[in-house]
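J.: This is the structure, below, for whatever I ask next.
The values are calculated or read from the model by the stated rules, or taken from the named source; none is laboratory data. All values derive from a computational prediction rather than experimental measurement. Cβ: placed from backbone, ideal geometry, glycine included. Neighbour counts: every protein chain shown. Protein only, heavy atoms only, side chains kept; ligands, DNA and RNA dropped before computing areas. Shrake-Rupley method; radii C 1.70, N 1.55, O 1.52, S 1.80 Å.
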There are 2 protein chains.
Amino acid sequence: MSKPKGFEKPIGVKDYLPHAVSKLRHIERSVLECMHRWGYDQIMTPTMEYYDTVGVASATSDQKLFKLLNQRGTTIVLRSDMTAPIARVVGSLLKEQPFPLRLSYHGNVFRAFEEDAGREAEFFQTGVELVGDPSPEADAEIIALAIASLQAAGVRSFKIAFGHVGFLNGLFQETLPGREAEQEALKACLLQRDHVGYRHILRSLDMDESQRAELEGILRLRGGQEVCEQAMQLSGSDGARAAIRHLCEIWDVLEAYGVQEHVLIDLTMIGDFSYYTGMTFEGYASNLGFPVCSGGRYDNLLAQFGRPAAATGFALKTTRILEVVEEEPAAAGKTLIVYAPAARGQALASAERLRGEGRVVVTEMAADPELAAELRKAAAAGSVFSHRGTEYGEMIVFGEGGRV
Amino acid sequence: MSKPKGFEKPIGVKDYLPHAVSKLRHIERSVLECMHRWGYDQIMTPTMEYYDTVGVASATSDQKLFKLLNQRGTTIVLRSDMTAPIARVVGSLLKEQPFPLRLSYHGNVFRAFEEDAGREAEFFQTGVELVGDPSPEADAEIIALAIASLQAAGVRSFKIAFGHVGFLNGLFQETLPGREAEQEALKACLLQRDHVGYRHILRSLDMDESQRAELEGILRLRGGQEVCEQAMQLSGSDGARAAIRHLCEIWDVLEAYGVQEHVLIDLTMIGDFSYYTGMTFEGYASNLGFPVCSGGRYDNLLAQFGRPAAATGFALKTTRILEVVEEEPAAAGKTLIVYAPAARGQALASAERLRGEGRVVVTEMAADPELAAELRKAAAAGSVFSHRGTEYGEMIVFGEGGRV
């Protein structure tokens with residue numbers, strides 16, 4: 001193919017200009033501070049990981065991993081999430097550290113998509129992992145912290161829908177025993193939130209009518225604590241009933257956190273079912289069609305790094321949140337200091353003093369006195385003026401004889 | 001080769017545990033805030049760039065670039081510095097923005113090394129670019145900002161040595177006209193700070209004795225403004241003399257900034273001579289053998305992105321600075337709230353209130369009253385106690401009947 005042009009960047013990646021960066025940095029900082037106050041300590045892991053360890057363990061499908069070969073011919077991946085790298089650290093550098101471990105992160109992750117798909121190949125995630133605690137309290141803490149994090153990020157209106165992988169697994173094994181392919185097809189529809197496709201497959205299946213009605217009934221199992229009772233009547237499977245009991249306990253703790261208005265139980269919530277082992281959830285902002293956070297319990301991952309342990313966590317989709325939060329109020333304007341050559345020392349000392357007070361100061365030597373006069377006119381005309389493409393709120397002039 | 005083990009990560013990359021992260025984040029934030037107060041606005045660019053654009057334009061030699069193929073078969077590189085990506089943005093997204101442009105960044109960059117070399121394959125840089133201003137004032141602003149940035153990072157004792165590519169180029173063309181290979185060999189020695197090798201090559205060259213003495217004399221040209229005068233006597237080349245005059249002007253501005261104690265002129269300072277076109281500098285911390293920052297003028301880069309312009313800038317080697325700065329004083333200890341099941345609502349509300357006041361709070365349900373009693377003993381024994389691997393400074397207990 002032809003060479004890329006000088007101004008081009010790879011498809012699916014982004015530049016963030018100062019305006020977007022200050023918004024992104026504000027979200028990053030507010031969310032990490034929130035997580036810190038909940039006792040989560042931040043860690044950082046490298047961009048590159050071995051394919052055979054973190055690459056294989058991650059929830060990302062193989063063809064979506066960015067791969068490269070290192071100089072020894074070993075396959076390297078660009079991390080596709082932060083959970084698998086953190087599991088590696090918990091099983092190595094932190095292996096003497098007792099459980100529970102509370103860890104937070106903010107980082108960029110990578111996904112290789114068909115280039116035409118218009119999806120992002122690199123994006124930011126901010127999240128936590130709570131490792132070594134299997135209790136409903138731990139799952140509820142994760143959901144409550146997701147809510148606090150979305151609020152810290154400035155997302156005003158959102159709902160967290162949570163379910164349990166064990167409920168669907170139990171129900172499907174009860175109603176479609178041994179019919180793995182059909183179970184997988186139904187789960188895939190739920191994962192895509194394709195209820196029409198789900199009903200279509202259901203109707204095509206050779207099965208008992210009452211069981212078909214049960215499987216169709218779960219699409220209506222969305223709401224508050226009453227959903228747990230309805231679900232208990234729907235399934236007699238031990239696995240499904242244990243899952244429901246766990247969800248009810250999570251609900252109780254969330255009530256104690258006082259966050260009921262932000263959550264609902266959705267028993268069709270399935271997450272990535274090869275990865276999650278218990279509670280899973282997604283958060284939706286009211287003005288966006290895609291999730292702004294997702295998470296759940298993944299009790300099988302840590303064993304792959306030599307330290308079997310229960311674990312639960314979530315990630316905010318920080319790059320998407322950027323699109324829903326309001327602008328930060330503009331900070332105080334910049335100060336322009338223009339100086340004649342002879343007043344350089346005074347002007348630069350003044351800049352240093354103002355910067356020490358937290359002001360933003362740009363200095364410019366104006367050998368040409370007309371420039372200073374023109375600038376002064378601009379500065380006098382209004383509270384904000386523009387000079388060489390930058391907006392200023394204030395100007396200070398140092399002439400030959402000192403400050404004017 | 002054999003598969004990597006579960007706990008392994010690629011050679012040359014690092015995990016940062018909470019202690020290191022909080023130090024790194026503190027440096028990052030302090031330095032970016034300092035740059036902001038000097039009028040530099042932060043931008044972010046992607047990790048991946050096209051090889052044929054940013055890869056080729058970067059100052060990094062080809063074999064040190066990490067390369068991968070995207071799905072269309074185009075070669076992608078992991079960015080090896082931030083200067084070339086920013087030049088791309090200045091020539092594209094920012095192309096309507098008038099000069100001068102003041103931009104800052106903090107990011108990770110990648111270098112492929114022979115794996116045995118023990119060097120870092122991924123590390124952090126924090127820096128600025130000042131684009132569109134060819135003046136000595138601009139070069140001096142960059143050096144003065146590098147000094148302010150090192151101070152903001154917490155580096156206590158350091159020196160910035162600066163020189164000018166044009167001085168050495170002029171001098172070599174005058175004394176060794178047309179002998180490119182020999183010039184390059186001498187420059188390579190200076191770049192490596194290999195003065196022994198430099199003298200050795202000089203002695204082996206067939207040349208006039210007085211010129212040999214001149215070329216040897218530059219090794220002694222280190223110091224304050226007096227070096228400029230000495231250098232003027234050393235070379236009659238127009239290029240060399242223009243370079244010296246530019247250095248003298250930079251020195252004058254640095255005096256006006258009041259930062260003489262941190263700088264010295266070093267005429268053997270050459271930087272990457274295929275890249276820099278004028279002033280170049282490096283900063284050394286007193287207790288480290290390698291530079292903690294480097295920078296200079298690169299007036300030829302922007303043309304490769306369709307917008308020819310003068311430019312000057314620097315990068316702090318943030319990962320190295322981590323090794324020289326002192327510990328942050330420890331923040332106030334964490335608070336542990338232990339609660340009986342019946343007091344959950346009260347306990348979680350108390351946690352929320354304390355977090356709102358900026359405290360770090362971990363909550364734990366203790367169905368077992370003995371645990372709470374034991375913990376209370378630990379908390380009473382000293383101001384700091386440890387529980388499940390975490391250190392706490394305070395404990396609050398909620399029993400069946402409320403706060404105890």
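J.: Could you calculate the contour length gain from A:E184 to A:M207, that is, 0.36 nm times the residue separation minus the distance between their Cα atoms, to one decimal place in nm?
T.: On the way: separation 23, 0.36 × 23 = 8.28 nm, distance 1.61 nm.
Value of the extension gain: 6.7 nm.
J.: Once you put a point 7 Å from the Cα of A:Q173 and another 7 Å from the Cα of B:D272, both along the Cβ direction, what distance in nm separates them?
T.: The answer from the label model is 5.8 nm.
J.: Continuing with the same structure: Only bridges whose two residues both fall in chain B count here: according to DSSP, what percent of them are antiparallel, nearest 5? Walk me through the numbers before you get to the answer.
T.: Numbers: 47 of 63 bridges.
Of all bridge pairs located within chain B, approximately 75 percent are antiparallel.
J.: Among the listed pairs A:K9/B:K95; A:K9/A:K317; A:K5/A:K317; A:K67/B:K14, which have their C-alpha atoms separated by more than 25 angstrom in this model?
T.: Violating the 25 Å Cα-Cα cut-off are A:K5/A:K317.
J.: I've got another one for you. Based on the alpha-carbon gyration tensor of the stretch A:18-321 and its eigenvalue square roots a ≥ b ≥ c, which shape applies: rounded if a/c is under 1.5, prolate if not and a/b is larger than b/c, or oblate? Don't skip to the answer; put the middle values down first.
T.: Numbers: a/c = 1.57, a/b = 1.35, b/c = 1.16.
Prolate, since a/c reaches 1.5 and a/b exceeds b/c.
J.: Which one, B:G271, B:G333, B:L247, projects farthest toward the positive side of the charge dipole computed for chain B from Cβ point charges (K/R +1, D/E -1)?
T.: The one lying farthest along the dipole's positive direction is B:G333.
J.: As a check on your reading of the symmetry: which chain B residue has its Cβ nearest the axis that brings B onto A, and how far is it in Å?
T.: B:L68, 2
J.: Just want the answer: with Cβ charges of +1 for Lys and Arg and -1 for Asp and Glu, which residue in B:S210, B:A148, B:L186 is farthest toward the dipole's positive end in the stretch B:142-233?
T.: Towards the positive end, the residue furthest out is B:A148.
J.: Once the other residues with Cβ under 13 Å from the Cβ of B:L348 are scored (Lys, Arg +1; Asp, Glu -1), what is the net sum? Can you show the working numbers first?
T.: On the way: positive: B:R344, B:R353, B:R355, B:R403; negative: A:E137, A:E141, A:D252, A:E255, B:E352, B:E364.
Surrounding charge for B:L348 is -2.
J.: Roughly how far apart, in whole Å, are the Cα centres of the stretch A:189-240 and the stretch A:348-404?
T.: 69
J.: Further question on the same structure: Which of rounded, prolate, oblate describes the stretch B:335-403, given a ≥ b ≥ c as roots of the alpha-carbon gyration tensor eigenvalues and a/c under 1.5 marking rounded, otherwise prolate only if a/b is larger than b/c? Kindly include the intermediate steps, with their values, before the conclusion.
T.: Values: a/c = 1.97, a/b = 1.07, b/c = 1.84.
Cα axes put the stretch B:335-403 in the oblate bin.
J.: Label A:R119 and A:A242 with points 7 Å out from Cα along Cα→Cβ: what is the distance between them in nm?
T.: In this crude spin-label approximation the distance works out to 3.3 nm.
J.: Sticking with this one: What does the charge dipole of the stretch B:301-404 about its Cα centre add up to, to the nearest 20 debye, if the Cβ of each Lys and Arg holds +1 and the Cβ of each Asp and Glu holds -1? Write out the running numbers ahead of the final one.
T.: Working: 12 positive and 13 negative charges, 88 e Å.
So the dipole magnitude of the stretch B:301-404 works out to roughly 420 debye.
J.: Give me the 1.4 Å probe accessible area per residue for the protein assembly as shown, excluding ligands and nucleic acids, in Å².
T.: Working: 33190 Å² over 808 residues.
Heavy-atom SASA per residue in the protein assembly as shown reads 41 Å².
J.: Ok, one more. I'd like the distance between the alpha-carbon centres of the stretch A:246-277 and the stretch B:12-73, rounded to an integer number of Å.
T.: 38
J.: Once you put a point 7 Å from the Cα of A:N287 and another 7 Å from the Cα of B:H200, both along the Cβ direction, what distance in nm separates them?
T.: Rounded to a tenth, the inter-label distance reads 6.8 nm.
J.: Let me ask something else. Tilt of helix B:238-257 relative to the longest C-alpha principal axis of chain B, in degrees (0 to 90, nearest 10)?
T.: 40
J.: Taking every residue in B:48-61, how many Cβ atoms of other protein chains lie within 10 Å of its Cβ, on average? Please report the intermediate quantities before stating the final value.
T.: Numbers: counts 10, 5, 7, 2, 6, 8, 5, 0, 2, 1, 0, 0, 0, 0.
Mean partner shielding for this stretch: 3.
J.: Between copies, how close do the A:H200 label points come, placed 7 Å along Cα→Cβ, listed in nm from shortest?
T.: Between copies, matching label points for A:H200 lie 7.6 nm apart.
J.: Same structure again: Give me the angle, in degrees from 0 to 90, between the Cα long axis of helix B:344-356 and the longest principal axis of the Cα atoms of chain B, rounded to the nearest 10.
T.: The two axes meet at around 30 degrees.
J.: 7 Å along Cα→Cβ for the label point: how many nanometres lie between A:A188 and each equivalent label in the other copies, listed shortest first?
T.: 5.9
J.: Right, something else. At a 1.4 Å probe radius, which order do B:T280, B:T390 fall into by accessible area, largest first? Show your work: numbers first, answer last.
T.: Values: B:T280 0, B:T390 35 Å².
Ranked list, largest accessible area first: B:T390, B:T280.
J.: Would you please state the base-10 log of I(q)/I(0) at q = 0.18, 0.25 1/Å for the stretch B:173-272, with intensities from the Debye formula using one equal scatterer on every alpha carbon?
T.: With no solvent term, the Cα-only Debye profile gives -0.90, -1.47.
J.: Please give the average number of partner chain Cβ atoms lying within 10 Å of the Cβ of each residue in A:66-79, rounded to a whole number. Don't skip to the answer; put the middle values down first.
T.: On the way: counts 6, 2, 7, 2, 7, 7, 4, 1, 8, 1, 7, 1, 5, 0.
Mean partner shielding for this stretch: 4.
J.: Further question on the same structure: Between the label point of B:E229 and that of the same position in each other copy, find the distances and list them shortest first in nm, with every label point placed 7 Å from Cα along the Cα-to-C-beta direction.
T.: Label-point distances to the other copies, shortest first: 9.6 nm.
J.: In square angstrom, rounded to the nearest 10, how much accessible surface does B:S22 have for a 1.4 Å probe?
T.: Approximately 70 Å² of B:S22 is accessible to the 1.4 Å probe.
J.: Roughly to the nearest percent, how much of the accessible area of the stretch A:18-321 is carbon and sulfur, given a 1.4 Å probe?
T.: Numbers: 5250 of 11080 Å².
On the stretch A:18-321, the fraction of accessible area on carbon and sulfur atoms equals 47 percent.
J.: Run through the DSSP bridge list for the protein assembly as shown and note the antiparallel percent, rounded to the nearest 5. Walk me through the numbers on the way to the answer.
T.: On the way: 95 of 127 bridges.
Looking only at bridges with both residues in the protein assembly as shown, the antiparallel portion is about 75 percent.
J.: On a 0 to 90 degree scale, rounded to 10, what angle separates helix A:136-153 from the longest Cα axis of chain A?
T.: Around 30 degrees separate the two axes.
J.: On the full set of protein chains, 1.4 Å probe, figure out the accessible area of B:D368 and give it in Å² to the nearest 10.
T.: It works out to around 80 Å².
J.: Add -39500 (n - 2.57) for each DSSP H run of 4 or more in chain A, then divide by its residues: what number comes out at 222 nm, to the nearest 500 deg cm²/dmol? Walk me through the numbers on the way to the answer.
T.: Numbers: 12 runs with 150 residues, N = 404.
When only DSSP H runs of four or more count, the value is -11500 deg cm²/dmol.
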